[in-house]
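Since the structure comes first, as structure tokens, the remarks are kept for the end.
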There are 2 protein chains.
Amino acid sequence: MTAIAAISRNEAGIKTVCGVLAQRFGDRFSTSASICMHHGHTTTWIANQPPDAVISPRETEEVAAIVSACSDHAVPVIPYGTGTSLEGQVNAPGGGICIDFSEMNRILAVNEDDLDCIVEPGVTRKALNVHLRDSGLFFPIDPGADASLGGMASTRASGTNAVRYGTMKDNVLALEAVMPDGQIISTGNRASKSSAGYDLTRLLIGAEGTLGVITRLTLKLHGIPEAIASASCCFPSIDDACQAVIATKQYGLPVARIELLDHLTVKAVNAYSKLALPETPLLLLEFHGSNDSVAEQSTDFGEIAEELGGERFIWTSNDEERNRLWQARHDVYWATLRLRPGATVFVTDICVPISRLAESVRAAQDKATETKLLAPIVGHAGDGNFHLSLLVDENDAEEIRRADEFVGWLNELAISMDGTCTGEHGIGQGKMAYLERELGAATRYMASIKSAIDPLNILNPGKILQF
Amino acid sequence: MTAIAAISRNEAGIKTVCGVLAQRFGDRFSTSASICMHHGHTTTWIANQPPDAVISPRETEEVAAIVSACSDHAVPVIPYGTGTSLEGQVNAPGGGICIDFSEMNRILAVNEDDLDCIVEPGVTRKALNVHLRDSGLFFPIDPGADASLGGMASTRASGTNAVRYGTMKDNVLALEAVMPDGQIISTGNRASKSSAGYDLTRLLIGAEGTLGVITRLTLKLHGIPEAIASASCCFPSIDDACQAVIATKQYGLPVARIELLDHLTVKAVNAYSKLALPETPLLLLEFHGSNDSVAEQSTDFGEIAEELGGERFIWTSNDEERNRLWQARHDVYWATLRLRPGATVFVTDICVPISRLAESVRAAQDKATETKLLAPIVGHAGDGNFHLSLLVDENDAEEIRRADEFVGWLNELAISMDGTCTGEHGIGQGKMAYLERELGAATRYMASIKSAIDPLNILNPGKILQF
């Protein structure tokens, strides 16, 4: 795995803070090597960088106490949700204290009339939806992993149904956070919109824990639709599939999901799940609404797809059949792994204007062929966002080098197309160089903000911005 | 009118900068008293505070030159769109240079496949929609006034159809801005979502020109719906009307507009437009979708309304009849003025969780009666946001005092209900005290950000935050 240089360690400060916090938190404070290793490395290609201790607070005031102690001694603080981030967001390059939010997992309020709820950051999206089941409401953001809501906010997560429901930035009404000096703040309230001052809510969303530690979230909820329909359609080429996506959006069809699988991914899924899909690009869709509305949306999409060369169009609102249609998508991760047994998967994501989606996917496929890398592609096509999974042999340094180069090339491609080096995974340690390439002088003002709010650089140091 | 204390003037700096800029901008630079007065006071209850000069740049580089000159001499810069803000956002309490964006009004690109466009800040929302007419696309945010898009972004504007399409924060993909040191930055690109670094786009939206001067906007567009239906329904009480709004949202009906008029507003409109609506609370709605879908939505709403005491429910998708139904809403401003000829209207807005909307509207009505003020109410009910228009005699100091007190009381009410002192008008000079009350310690971090980015406090000083 690629190693990222460690940042300098404040040994004396760490020792002092560990002493203070061990006393306060008892068995909720751990310096066990295995626990620290478990928290220093997640589903990422960046090598493990464990913290010095892991603490599981149960209240905001406890988080404030941890941050205050770390602030007093200039010791790093790394917030940790479920460890499913992909760009090294929870690594501890300068050591320090990891705050594990697994014990702050209470759902504090569900306001059915207002379609909102208040949760602690350790609540996972699936746990929230289980809790909401009887209310007729749901929380839509689905990044795949059963991530914590605090972590999802911190990385500005989205996923398959962002095309309809938006990303975390669109579904968080307000946050409570502990700032680097230990101060607890609320960035907003339960009003569904506000023009009151700077948007600190959106500033903390996507800040990856570098500006404040999120301790509470007020989230927007949505009514569970009366009906859900799913559809799938094969296309002769990536270009035809992408044209169908564009036409669908222009037509104003309120698709809830519109996912693109390239031929290699379809091939992987066929092998893994014993399916017999044509090994061509595939679109998978979901429609939410009334019974009549989802039928109308499905039919309308079918007509659009047919005009653009779509084949084997199927739609259904039967739950069992829906699951079968989406089987291909659900199995992608495991199916991809089987394409090259023993390989490690390096996942990366970019997002481009949808008019450039086909061109960027084709270019990535060509580049993979040229550089002899296996790189199946799955995209949230409605957003112009796609994931590319590089299947590499971790023990082959030369192959790792090619994979690194490939990721660099892909990020540059996105930037050259007026897109972004990350649609939903975040910058972490993995994409710091590309952030600078993408936003240039704007990153200077990000650095000014970071320095103003966290002058000691204690909150998740070594992420997003170089210091 | 209420006067707000001026901030100290940098006479020497202003004189020098005026000399430099007069030479560069020729007849696009003006110190004419009438022009300066015109730019120092808008549709607001705050007394005029003119700038020392008004300049109309035509290019971003010219804006950068103005800001650089002002930065060199610590002179205030006040961006000006159409002057339709409501809380003193364009006043110049310390004098300085007003940048009038009326000549930066080009639509630079419309990307139909990507449903986005790039515009200069002086383009108004109506001008954009006229330009888009043949593309099948539209820009939905409608704050009432034909405001400039730069101004709308700066105040985080929304309006009648935010319930479906969101606010400016949801419809701006990226901004170009001139920062206080004269640096030009881009905060993003044309990707429909991004997790790349701090969300500077959302930080500048709603910053009212205090952190950067917006010189270009990349906006999301939406497909013009195939059909539009309108509906109206009378309710015996504010509570019944608000219950219908809540039920409609819970049901998941994707209403495009859902407006509440209180009985006093209906009375005003009846008198002004020779209508004969029952003088009870009224809901006006709009539905967007396919022909079948808007019919279904209208019928569904009719059933919800009927269960909750709604009367005289009507819906139509005929354009002429739709306009007639919405006549009451379109005439509100002029009709309100006629309620008390010669009076001045002080408009204020708050936003509360919709479960508290009925209670807050009733409390405001009671308070108006108690304090002998005429205060008709119109609300963007789907967002829990309402406007209250105080009709006051500008020459009656005691009445002005009561109106001021009323606004203070209303803001406190919103805050006590876990709402905000402004849903869409912004803080400006008018609501600075309430921002502090609403967000407490969070405002300290807003001040840190302001100081870090604009250490000389030259960008629109005296707005949002006290310095």
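The values are calculated or read from the model by the stated rules, or taken from the named source; none is laboratory data. Keep in mind the model is a prediction, meaning the values are calculated, not measured. For neighbour counting, all protein chains shown are included, and Cβ atoms are generated from backbone atoms with ideal geometry for every residue, glycine included. Note: accessible area is taken over every heavy atom of the protein model, side chains too, but ligands, DNA and RNA are not part of it. Shrake-Rupley method; radii C 1.70, N 1.55, O 1.52, S 1.80 Å.
For the reader, a short list of remarks on this structure follows.
- Other residues lying with their Cβ under 14 Å from the Cβ of B:Pro50 contribute a combined charge of -1, Lys and Arg counting +1, Asp and Glu -1.
- In this Cβ point-charge picture (+1 for Lys and Arg, -1 for Asp and Glu), region A:217-278 has a dipole of about 180 debye about its Cα centre.
- Counting Lys and Arg as +1 and Asp and Glu as -1 over every other residue whose Cβ lies under 11 Å from the Cβ of A:Leu465, the net charge comes to 0.
- Per-residue average of Cβ from other chains inside 10 Å of B:444-457: 5
- Relative contact order (%) - region B:11-110, alpha-carbon pairs under 8 angstrom, separation at least six: 33 percent
- Position A:Arg58, label points 7 Å along Cα→Cβ, spacing to each other copy in nm (shortest first, one decimal): 7.0
- With the label put 7 angstrom out from Cα along the Cα-to-Cβ vector, B:Val130 ends up 5.8 nm from the copy partners, going from closest to farthest.
- Computed over neighbours whose Cβ is under 15 Å from that of A:Asp404, the net charge equals -3, Lys and Arg +1, Asp and Glu -1.
- 3J(HN,Hα) along region B:384-396, derived from phi through the Karplus expression 6.51 cos²θ - 1.76 cosθ + 1.60 where θ = phi - 60°, amounts to x, 10, 9, 10, 10, 9, 8, 9, 10, 8, 4, 8, 9 Hz, with x in place of Gly and Pro.
- With the convex hull drawn over the C-alpha atoms of region B:89-235, the volume per residue is 145 Å³.
- Of all beta bridges that DSSP places with both ends in the protein assembly as shown, some 85 percent have antiparallel geometry.
- The relative contact order of chain B comes to 15 percent, based on Cα pairs under 8 Å that sit 6 or more residues apart.
- Total accessible surface hidden between B and A, rounded to 100 Å², 1.4 Å probe: 6500 Å²
- Protection-proxy order for peptides A:442-453, B:213-224, B:187-198, each taking the mean of Cβ atoms within 10 Å per residue, highest first: B:187-198, B:213-224, A:442-453
- Surface share of carbon and sulfur [accessible, 1.4 angstrom probe, percent] for chain A: 49 percent
- Chain B - mean residue ellipticity at 222 nm from DSSP helices (-39,500 (n - 2.57) per run, n ≥ 4, rounded to 500): -11500 deg cm²/dmol
- The chymotrypsin sites (Phe, Trp or Tyr not before Pro) of region B:254-335 include none that DSSP puts in a loop with a beta carbon having at most 10 other beta carbons within 10 Å.
- The mean number of Cβ atoms from other chains found within 10 Å of a Cβ in peptide B:417-424 is 6, as a whole number.
- From phi via Karplus (6.51, -1.76, 1.60), per-residue ³J(HN,Hα) for region B:37-46 in Hz, x at Gly/Pro: 4, 4, 8, x, 6, 10, 6, 8, 8, 8
- Our coupling estimate for region A:406-413, obtained by passing each phi through the Karplus curve with A = 6.51, B = -1.76, C = 1.60 and θ = phi - 60°, is 4, 4, x, 4, 5, 5, 4, 4 Hz, Gly and Pro reported as x.
- Annotation: per residue accessible area for chain A equals 35 Å², rounded to a whole number [probe 1.4 Å, protein chains only].
- On Cα atoms only, tilt of B:238-251 relative to the major axis of chain B in degrees: 80 degrees
- For region B:265-343, the Cα-based Rg and Dmax, in that order, read 14.5, 47 Å.
- C-alpha long axis of helix A:11-25 to longest principal axis of chain A, angle in °: 90 degrees
- Look at where the Cα atoms of region B:171-217 and of region B:63-136 average out, and the two centres are 13 Å apart.
- Shortest-first distances to equivalent copies, position B:Arg402, nm, label 7 Å out along Cβ: 8.3
- In summary, region B:301-454 shows an alpha-carbon radius of gyration equal to 1.24 times the 2.2 N^0.38 Å reference for compact globular proteins.
- Across the alpha-carbon set of the protein assembly as shown, the Rg to Rh ratio works out to 0.96, Rh being the Kirkwood radius.
- Number of partner chain Cβ atoms within 10 Å, mean per residue of B:341-353: 2
- Degrees separating the helix B:442-453 axis from the principal Cα axis of chain B, which is the longest one: 40 degrees
- Part-to-part distance (alpha-carbon centres) for region A:360-438 and region B:255-281, which is given in Å: 56 Å
- The calculated P(r) of chain A, using every Cα pair and 10 Å bins from 0, goes 4, 20, 29, 26, 16, 4, 0 in percent.
- Shown is the FRET efficiency for B:Ala441 and B:Glu405, computed with R0 = 35 Å from the Cβ-Cβ distance and rounded to the nearest 0.05: 0.85.
- Percentage relative contact order, region A:375-467, counting C-alpha pairs under 8 Å, at least six apart: 18 percent
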